[in-house]
Each structure stands twice: as structure tokens, then as C-alpha cells.
Amino acid sequence: MNVRGRAFVFGDKIDTDLLAPGPYMRSPIKVLASHCLEAIDPNFASEVQPGDIIIAGDSFGIGSSREQAVQALAQLGVGALLAKSFARIFYRNALNLGMPALVCPELEASRGDDVEVRAAEGIVINHTSGHQFRCEKMPAELLEIVAMGGLMPWLERKLARERA
Amino acid sequence: MASTLAEKIIAHASGRERVRPGEIVTAAIDLLMMHDSGGPRRVASRLDTLGAKVWDPSRVVVVSDHFVPAVDIEGAEILALTRRWARANGVRHYDAVGICHVVLQEHGHIQPGMFCVGGDSHSPSGGAFGAFMMGVGSTDITGALVTGDIWLTVPQTVRVNWSGELSAGVSAKDIMLFLCAKLGMGNENQAFEYDGSAVRKMSMSERMTLCNMSAELGAATGIVTADAATLRALELAGRPFAGDIAQWQSDPDATCLAVHHFDANTLEPQIAAPHSPANSRAASSYERIAIDQAYIGACTGAKLDDLHMAAEVLKGRKVARNTRLLIAPASTEMTAQAAADGTLQILTEAGAILLPTGCGACPGMGAGIVAAGEVCLATTARNFKGRMGSPDSLVYLGSPYSVAAGAVKGEICDPRELLMETV
């Protein structure tokens with residue numbers, strides 16, 4: 001599970017209302033995604049490209065249980081999330097939707113840096129700066145859910161086994 | 001071996017003798033709650049894809065509160081889908097009668113010792129009844145509906161003791177805003193256990209506010225050990241507790257991550273400045289911030305007790321000329337009670353606009369959205385940028401006393417100034 005892309009760097013406590021703003025919650029995910037993070041970075045949704053990587057500070061995803069906070073990032077093609085720490089529900093939502101989310105307290109990167117995430121190994125390489133960083137290893141049972149593409153494929157397999 | 005209340009509930013639900021913080025366990029769900037925003041709208045098609053059915057419809061409750069009443073076609077379609085799905089699956093559905101956390105409490109669904117999961121971040125509210133209740137997203141809800149269980153990391157317990165007694169004009173909301181500033185919002189994977197004489201004296205509604213805003217601390221849940229007040233509330237709700245509450249309390253020598261002691265007597269009314277509940281400080285320290293809108297609503301700020309607090313301030317007074325006061329009671333039952341005891345009359349005579357029950361403006365989905373440049377003082381749980389409308393609006397948080405006082409003065413103030421004056 002390797003992802004390589006450009007870094008988009010944000011600060012601490014990026015909340016779910018910044019990621020999935022309430023006034024667009026009735027709208028289809030494409031519309032909602034176009035407003036992702038606009039309150040702090042109006043150009044983010046138009047600039048981000050498939051495979052790009054979000055790098056944030058502590059408590060990334062704090063706030064609502066709304067899964068659209070992850071879905072909006074996935075819709076825009078974001079390939080992985082790296083943060084000093086994640087809000088609990090958001091972290092679950094990311095794994096459940098197959099989005100790699102790694103806790104990397106030491107990571108240093110600037111916007112636009114060429115960053116590679118090796119989720120299974122717990123390593124992040126900043127190819128621009130030439131530095132390598134260790135991330136916290138995900139528990140095996142959770143890594144399995146992400147590697148399968150999220151909780152839905154995991155449930156499909158579980159049900160198939162039970163029915164077999 | 002000594003265990004905290006949270007550990008005891010999780011151990012019981014996961015069929016273990018005991019559990020320890022940091023362990024990942026799978027726990028059986030006693031009650032699962034979802035609402036119109038993250039519920040059937042999101043899970044119906046996923047269950048169809050899996051060809052799976054709800055594991056136990058008697059343990060599932062759906063509450064429509066986010067898009068009620070519908071203000072556009074998208075919202076109306078979401079509500080219609082929610083109704084159809086609940087009926088087809090034989091699941092209890094409360095349709096536009098109040099905010100999910102409050103409706104669960106009114107009907108006695110949450111009982112001491114239960115392990116509960118809610119499809120909403122403020123689900124820790126259920127902890128006010130001595131249960132462990134955590135919030136999750138809609139894919140997690142899908143998995144829980146299929147299997148009847150869910151994985152979780154056993155949280156560390158943090159004890160917060162409030163000794164003494166809250167002064168007049170100070171409430172549970174002030175406690176939580178103070179704690180958000182004091183302890184920050186990064187308390188992930190922690191269960192907050194509230195206790196002390198000030199907590200023991202609180203109504204169930206006020207205890208719900210404590211547990212509810214544990215979400216703002218970033219915690220897994222908040223919890224208050226069940227006592228006589230809990231049992232009385234469950235009896236009133238028509239579902240008396242059949243178990244023994246002595247079983248559901250922390251052992252005195254159980255290991256906690258931290259124990260905090262605060263004195264309720266010295267706590268002043270708190271106001272959180274934009275854009276985080278952690279930006280809280282004493283209301284008396286704010287200087288002349290004019291308010292365009294005062295909003296009394298949400299699961300953490302428009303229950304019957306909250307309406308009473310607002311009425312205490314608003315009685316015989318009028319909302320300031322350049323300020324509008326919107327009030328969205330937390331349930332139709334509470335609206336009826338407030339009508340019967342004269343509270344609604346006090347509020348409307350002061351000039352408040354009465355809104356339908358539901359989540360309303362708090363998540364930016366209902367009436368009361370604010371424009372760019374506008375300042376709103378609200379009793380809601382969080383004031384993140386762009387949550388209640390324009391990203392360029394400014395939302396301050398305060399107790400119902402503080403919001404009502406702000407509406408009268410037209411600016412942020414310490415509500416005790418008004419409470420001490422005779423009208």
C-alpha cells in the first residue's frame with residue numbers, strides 16, 4: 001500500500017466542518033468536495049490532484065461523525081492522510097473507507113514536496129528534502145481493513161465466509 | 001483487579017473478565033442510534049449491497065433531527081427515505097420530535113451499564129445515564145447493523161471532580177467550556193468520568209450537557225455514574241432500571257490516566273470565541289462584542305433546563321434592537337412542557353423567534369444560518385469556522401444564561417450582571 005504525491009500541509013485541529021461544511025451536507029459528494037477546506041484554503045479543492053497527500057498537525061478531523069469529511073478528500077483523489085494525531089471518529093471513518101491514515105509525529109514537509117507513504121512499513125519519505133520518517137505502526141487488524149479497501153469489502157468477505 | 005466504570009461496561013459487552021486500556025476488543029451493542037443525516041440515507045444501499053439484514057431491529061433506534069423540517073427537496077427526500085427504511089426494517093423511528101440524544105433520554109432507551117453506539121459525534125450524551133456510548137460514522141454503523149458488534153480500543157479513564165456548588169447563573173455548559181480551554185481537544189481515546197458534589201446535584205439534563213461536550217474534548221465518551229436521580233429519570237420515562245446500579249461504578253482504587261479536581265464555587269460563566277470551544281475564557285473578560293444573532297438551540301443547549309435558564313434572564317426584559325434571538329427547543333415534549341409552565345410565554349414576550357425542534361442551525365443545516373461578518377452567540381456545542389453558515393461569520397459559545405443575557409444587552413456580557421438586577 002504505497003502512495004506518492006504532492007504534500008498539502010495544514011495546521012492543528014483541522015475540523016470536520018472545514019472538511020465537509022454543513023451548508024453543503026444535503027448536496028451530492030462532488031459538490032460538497034468542491035467546498036472541502038475552502039474556509040482556510042479556497043484553492044485546495046481545485047489544486048489537489050489524485051495521489052496527493054494531506055499532512056496535518058494534531059487532532060486532524062476533530063468534530064462531527066460525518067463520514068463526508070473523509071469522502072470529500074477521497075472524492076478529490078487524496079491518497080493518504082498523515083498527521084501528528086487524529087480525532088477518534090475521523091480515524092475510524094478513514095480506515096473504514098480504505099483511506100490510509102498514519103500518525104507521524106516527526107514528519108517535516110512543505111506544500112508541494114514530493115512525498116511517498118509506505119503504509120505497511122510505517123515509513124514516509126520526503127523525496128524533496130531527502131529525509132525519511134517513521135510513523136506509528138497501525139495494528140494489524142486495522143491495517144487489514146485499509147488494505148482490503150475499507151470496511152465494506154471486509155464485511156463482504158466476512159459474510160461470504162459465514163454463508164459458505 | 002480494580003476497574004473503572006468504562007472498563008467494566010466494555011468488559012461486560014465484550015464477554016471478558018476485564019479489559020485494559022489500549023486493548024482492541026469487539027463489544028456487543030445493546031443499543032444503536034442513528035439519525036437522518038448519517039443513517040438510512042447512508043446505510044440502506046450498503047446493506048443492500050451486502051445482502052444483509054439488521055441484526056436485531058429491537059436494539060436500533062432512528063431519529064430524524066438534522067433535516068427537519070425539510071426546507072428543500074433534497075432534505076425532504078432524505079427524510080422520506082429514512083421513514084421508508086425504518087418502516088421496512090421494523091426499526092423504532094422518532095420522526096421530527098426532537099434531537100436524537102434528547103429523544104433517547106426522554107424515552108428511557110439508555111440504561112446504566114449499557115454499551116451503546118450512536119451515528120453522531122455527540123453520542124457520549126448517553127453517558128449521563130451511566131452507560132458507555134460512543135459516536136461513529138455511517139460505515140461503522142453499517143458494520144454494526146450487520147454484525148451487532150463493533151471494535152474499539154479500550155480508553156483510558158480520566159476523572160474530573162467538581163466539588164462545591166455552581167453559583168447562580170453558572171451551568172454545566174460553563175464547566176465544559178472551561179474544561180475545553182483547560183484540557184484542550186486532543187484527549188483521544190479517553191473516557192471522561194464526571195463526579196463531585198456539583199455533578200451529583202445536577203439534573204439529568206445538565207449531566208447530559210457534561211457528557212455531550214466530551215466530544216469537544218476529543219474523548220471517546222463521557223460518563224456519570226448512575227445514582228438515585230438516574231433511577232428517578234428512568235422511572236419517569238416509563239422504563240425503570242431493572243438491574244443493580246452498585247454493579248456499575250468505578251472501583252475506588254481503579255487506575256486512571258489523570259484525576260482533576262476543580263472547585264465549582266469559583267467557576268465564572270465562560271464564553272468561547274471563534275473558531276473553537278477551546279477558545280474559552282470568563283465572560284466578564286470580554287469587551288463590547290456586539291451580537292447580531294443569539295441562538296438557543298441544539299442537544300447541548302435547548303433542553304427544558306436550558307429554556308428555564310434563558311427565561312430566568314429574559315423575564316420582563318426585551319431583546320436588544322439590533323439583535324435577533326432564535327430559540328429551537330430540543331424536543332416537542334420539552335416545547336410542550338415549556339408551554340405548560342409559562343416558559344415559552346416569557347421567551348416570546350421578550351421577542352424571541354420560536355423555531356421548530358431539531359438540530360437546526362448548529363450543524364448549518366436548518367433555520368438560523370448566519371451571513372458573512374455576522375456575530376452569533378449560541379448555546380450550541382461547537383463553533384468551528386463555517387459550521388453555522390458563512391465561513392466569514394463569527395460564532396461564540398455560551399450557556400443559556402449567557403446567550404439570553406447577550407440577546408438583551410446586544411453584546412457579550414456576564415449574565416450575572418442581569419440576574420442580580422431586579423426588573
Point to revise | In segment B:1-23, residue farthest from the other protein chains (Cβ to nearest Cβ) [restricted to those that are open to solvent by less than 50 Å² (accessible area, probe 1.4 Å) and either aliphatic (A, V, I, L, M) or closer than 30 Å to B:His66 by Cβ (or both)] | key: B:Ala2
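Here is a yes/no grid of residues against (1) within 18 Å of the chain's Cα centre (by Cα); (2) modelled with pLDDT of 95 or more; (3) open to solvent by 20 Å² or more (accessible area, probe 1.4 Å); (4) closer than 25 Å to A:Trp154 by Cβ:
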| position | (1), (2), (3), (4) |
| --- | --- |
| B:Ala96 | yes, yes, yes, no |
| B:Gly126 | yes, yes, no, no |
| B:Thr139 | no, yes, no, yes |
| B:Thr147 | no, yes, yes, yes |
| B:Ile150 | no, yes, no, yes |
| B:Val154 | no, yes, no, yes |
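I need the full set of residues from segment A:40-98 which are of a type in the set (A, V, I, L, M), part of a loop (DSSP other than H, G, I, E, B) and touching a helix residue (DSSP H, G or I) at 6+ places or on another chain (Cβ under 7 Å), in order please. Write out each step before concluding.
Residues of segment A:40-98 of a type in the set (A, V, I, L, M): A:40, A:45, A:48, A:53-56, A:62, A:69-70, A:72-74, A:76, A:78, A:80-83, A:87, A:89, A:94-95, A:97.
Within this subset, residues satisfying the condition of being part of a loop (DSSP other than H, G, I, E, B) are A:40, A:48, A:76, A:78, A:87, A:97.
Matches in segment A:40-98: A:Ile40, A:Leu76, A:Leu97.
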Exercise for review: Go through the residues of segment B:194-212 one by one and say whether even a single one is in contact with a Gly (Cβ under 7 Å, 6 or more places away or on another chain) and either closer than 16 Å to B:His109 by Cβ or modelled with pLDDT under 95 (or both).
Suggested key: yes
Check your understanding: What are the residues in segment B:262-271 that are buried (at least 22 other Cβ atoms within 10 Å of the Cβ) and either in contact with a Pro (Cβ under 9 Å, 6 or more places away or on another chain) or assigned to a loop (DSSP other than H, G, I, E, B) (or both), if any?
Key -> B:Pro269
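Is it true that B:Ser121 is over 22 Å from B:Ser58 (Cβ atoms), surrounded by 23 or more Cβ atoms within 10 Å (Cβ to Cβ), touching a residue at least 12 places away in the same chain (Cβ under 8 Å) and among the hydroxyl-bearing types (Ser, Thr, Tyr)?
Values: over 22 Å from B:Ser58 (Cβ atoms): yes; surrounded by 23 or more Cβ atoms within 10 Å (Cβ to Cβ): yes; touching a residue at least 12 places away in the same chain (Cβ under 8 Å): yes; among the hydroxyl-bearing types (Ser, Thr, Tyr): yes.
Yes: the conditions hold for B:Ser121.
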Exercise for review: Could you look through segment B:54-94, keep only residues that are free of Cβ contacts under 8 Å to residues at least 40 places away in the same chain, farther than 24 Å from B:Ala298 by Cβ and within 14 Å of chain A (Cβ to nearest Cβ), and pick out the one that is most open to solvent (accessible area, probe 1.4 Å)?
Suggested key: B:Ile73
Review point. Only one of (1) in contact with a Ser or Thr (Cβ under 9 Å, 6 or more places away or on another chain); (2) under 13 Å from B:Ile175 (Cα atoms) is not met by B:Gly222, so which one is it?
Key: (2)
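Just one of A:Arg92, A:Arg66 is within 10 Å of chain B (Cβ to nearest Cβ), closer than 19 Å to B:Ile78 by Cβ and modelled with pLDDT of 95 or more; which is it? Spell out how you get there, then give the answer.
Values: A:Arg92 fails: closer than 19 Å to B:Ile78 by Cβ.
Just a single option satisfies the conditions, and that option is A:Arg66.
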Study note, to complete from the structure: Of the residues in segment A:52-62 that are surrounded by 24 or more Cβ atoms within 10 Å (Cβ to Cβ) and over 18 Å from B:Pro155 (Cα atoms), the one that is farthest from the other protein chains (Cβ to nearest Cβ) is A:Ile53
Point to revise | Residues of segment B:184-214 that turn out to be assigned to a helix (DSSP H, G or I) and open to solvent by 10 Å² or more (accessible area, probe 1.4 Å), as a count | key: 5
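Would you be able to tell me the number of residues in segment B:241-293 that are among the small types (Gly, Ala, Ser) and in contact with a Ser or Thr (Cβ under 6 Å, 6 or more places away or on another chain)?
Let us first name the residues in segment B:241-293 that are among the small types (Gly, Ala, Ser), namely B:242-243, B:246, B:250, B:254, B:258, B:264, B:272-273, B:276, B:278, B:280, B:282-285, B:290.
Still in the running and in contact with a Ser or Thr (Cβ under 6 Å, 6 or more places away or on another chain): B:250, B:254, B:272, B:283.
Residues that pass the stated criteria total 4.
For the condition modelled with pLDDT of 95 or more and either open to solvent by 30 Å² or more (accessible area, probe 1.4 Å) or in a loop (DSSP other than H, G, I, E, B) (or both), what is the one hit in B:Ala229, B:Ala219?
Details: B:Ala229 fails: either open to solvent by 30 Å² or more (accessible area, probe 1.4 Å) or in a loop (DSSP other than H, G, I, E, B) (or both).
Of B:Ala229, B:Ala219, the one residue that is modelled with pLDDT of 95 or more and either open to solvent by 30 Å² or more (accessible area, probe 1.4 Å) or in a loop (DSSP other than H, G, I, E, B) (or both) is B:Ala219.
Mind listing whichever residues of segment A:96-116 are at the interface with chain B (Cβ under 9 Å from one of its Cβ atoms) and crowded, with 24+ Cβ neighbours inside 10 Å?
At the first step, the residues of segment A:96-116 found to be at the interface with chain B (Cβ under 9 Å from one of its Cβ atoms) are A:96-97.
Within segment A:96-116, just A:Asn96 meets the criteria.
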Check your understanding: Looking at segment B:376-394, is at least one residue away from every other protein chain (no Cβ under 14 Å) and in a helix (DSSP H, G or I)?
Key -> no
**Study point:** Pairs where the first residue, in segment B:234-261, is exposed (fewer than 12 other Cβ atoms within 10 Å of the Cβ) and the second is of a type in the set (A, V, I, L, M, F, W, C), C-beta under 9 Å, 6+ apart
**Key:** B:Pro252/B:Ala2; B:Asp253/B:Ala2; B:His261/B:Val160; B:His261/B:Trp162
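Might you let me know whether segment B:311-332 holds any residue that is among the β-branched types (Val, Ile, Thr) and open to solvent by 60 Å² or more (accessible area, probe 1.4 Å)? It would help to see each step written out before you state the result.
First, the residues of segment B:311-332 that are among the β-branched types (Val, Ile, Thr): B:313, B:319, B:323, B:327, B:332.
When the remaining residues are screened for being open to solvent by 60 Å² or more (accessible area, probe 1.4 Å), the result is B:332.
Among the residues of segment B:311-332, at least one is among the β-branched types (Val, Ile, Thr) and open to solvent by 60 Å² or more (accessible area, probe 1.4 Å), which makes the answer yes.
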Practice item. Enumerate the pairs (first residue in segment B:124-137 and over 18 Å from B:Gly39 (Cα atoms) and facing another protein chain (nearest Cβ under 8 Å); second residue anywhere and surrounded by 24 or more Cβ atoms within 10 Å (Cβ to Cβ) and among the aromatic types (Phe, Trp, Tyr)) with beta-carbon separation below 9 Å, excluding pairs fewer than 6 apart on the same chain, so at least 6 apart or on different chains. Key: none
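Among the residues of segment B:13-23, is there at least one that is among the β-branched types (Val, Ile, Thr), within 25 Å of the chain's Cα centre (by Cα) and modelled with pLDDT of 95 or more?
Just the residues of segment B:13-23 that are among the β-branched types (Val, Ile, Thr), to begin with: B:19.
So of that shortlist, the ones also within 25 Å of the chain's Cα centre (by Cα) come out as none.
The answer is no, given that none of the residues of segment B:13-23 is among the β-branched types (Val, Ile, Thr), within 25 Å of the chain's Cα centre (by Cα) and modelled with pLDDT of 95 or more.
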Practice item. Would you please name the residue that is farthest from B:Arg84 (Cα to Cα), looking only at residues in segment B:25-53 that are within 9 Å of chain A (Cβ to nearest Cβ) and open to solvent by less than 50 Å² (accessible area, probe 1.4 Å)? Key: B:Leu50
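Here are some residues: A:Val48, A:Val9. Which one is among the aliphatic types (A, V, I, L, M), open to solvent by 10 Å² or more (accessible area, probe 1.4 Å) and touching an Asp or Glu at 6+ places or on another chain (Cβ under 9 Å)? Explain how you work it out, then say what you get.
Values: A:Val48 fails: touching an Asp or Glu at 6+ places or on another chain (Cβ under 9 Å).
So the residue among A:Val48, A:Val9 that is among the aliphatic types (A, V, I, L, M), open to solvent by 10 Å² or more (accessible area, probe 1.4 Å) and touching an Asp or Glu at 6+ places or on another chain (Cβ under 9 Å) is A:Val9.
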Review point. If you take the residues in segment A:44-78 that are over 12 Å from the mean Cα position of the chain (by Cα) and β-branched (Val, Ile, Thr), which one is nearest to A:Phe90 (Cα to Cα)?
Key: A:Ile62
**Study point:** Residues satisfying the stated conditions in segment A:69-80, i.e. of a type in the set (A, V, I, L, M) and facing another protein chain (nearest Cβ under 10 Å)
**Key:** A:Ala69, A:Val70
Study note, to complete from the structure: Taking segment A:66-87 and the residues there that are touching a residue at least 40 places away in the same chain (Cβ under 8 Å) and not hydrophobic (A, V, I, L, M, F, W, C), the one that is most open to solvent (accessible area, probe 1.4 Å) would be A:Lys84
Check your understanding: Say we look at segment B:387-420 and pick out the residues that are surrounded by fewer than 24 Cβ atoms within 10 Å (Cβ to Cβ) and within 22 Å of the chain's Cα centre (by Cα); which of these is nearest to B:Asn322 (Cα to Cα)?
Key -> B:Leu394
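Suppose the filter is surrounded by fewer than 18 Cβ atoms within 10 Å (Cβ to Cβ) and either modelled with pLDDT of 95 or more or within 14 Å of another protein chain (Cβ to nearest Cβ) (or both); does A:Glu162 pass it? It would help to see each step written out before you state the result.
Values: surrounded by fewer than 18 Cβ atoms within 10 Å (Cβ to Cβ): yes; either modelled with pLDDT of 95 or more or within 14 Å of another protein chain (Cβ to nearest Cβ) (or both): yes.
The answer is yes for A:Glu162.
The values are calculated or read from the model by the stated rules, or taken from the named source; none is laboratory data. Because the structure is a prediction, the values reported are computed rather than measured. Ideal geometry is used to build each Cβ from the backbone, glycine not excepted, and the neighbour counts take in all protein chains shown. Surface areas here come from the heavy atoms of the whole protein model, side chains and all, with no ligands, DNA or RNA. Shrake-Rupley method; radii C 1.70, N 1.55, O 1.52, S 1.80 Å.
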